[in-house]
Amino acid sequence: MYQHEEIINKIAQDKINFELGTKLLEEEKYNFEILFAFLKNYIFNSIPDKTDYNTETYQNAINTIPLKPTYTSIVILKSFTPKIAFNKLAKLPKNENTKTIISLVWIFKVTDTERRNTECKNGCGHFWHQNLKHEN
Ligand SMILES: [Zn+2]
């Protein structure tokens, strides 16, 4: 697992505090495009409804992002369906990148927690769920 992958999964599984974890990601000087693609993939995979991904859990996630709701990234997430919103987020100016990444890590935390509590509850084949479990 890449460093950023491990940090994101630890945040999602409450093994690192959200604020501390997103700061670690920032300090790692990640490549936005790579991290964005990774988070998008992880989020969409964690949502059971593959037609539009617009589930109650997803709505709950975008409505609880711990940033000012007036930030462009959040306004976009709340105004468009997931696929369209993600396409728009990818094209925002660089100074929005950190807010976008924080928002996506939050969304993943919520959608992945829901998945771990439902379809993964009795065991699953997601290696990132297994690997981190061993550290307990
Ligand atoms: Zn799993």
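Taken as a whole, segment 36-43 holds at least one residue that is within 16 Å of the ligand (Cβ to nearest atom) and surrounded by 17 or more Cβ atoms within 10 Å (Cβ to Cβ). Out of the residues in segment 56-74 that are in contact with a helix residue (DSSP H, G or I) (Cβ under 8 Å, 6 or more places away or on another chain) and without any contact (Cβ under 8 Å) to a residue 12 or more places away in the chain, which is surrounded by the most Cβ atoms within 10 Å (Cβ to Cβ)? This residue is 69.
Looking across segment 93-127 at every residue that is of a type in the set (D, E, K, R) and assigned to a loop (DSSP other than H, G, I, E, B), the one that is farthest from the ligand (Cβ to nearest atom) is identified as 121.
Residues in segment 7-27 that are in a helix (DSSP H, G or I) and either under 17 Å from residue 37 (Cβ atoms) or among the aliphatic types (A, V, I, L, M) (or both): 7, 8, 9, 11, 12, 20, 24, 25.
The sole residue among 64, 51, 70 that is out of contact with any Asp or Glu (no Cβ under 6 Å at 6 or more places or on another chain) and modelled with pLDDT under 95 is 51.
The values are calculated or read from the model by the stated rules, or taken from the named source; none is laboratory data. Remember, it's a predicted structure, so these values are computed and weren't measured experimentally. A quick note on method: Cβ atoms are made from the backbone with ideal geometry, for glycine too, and the neighbour counts reach across all protein chains shown.
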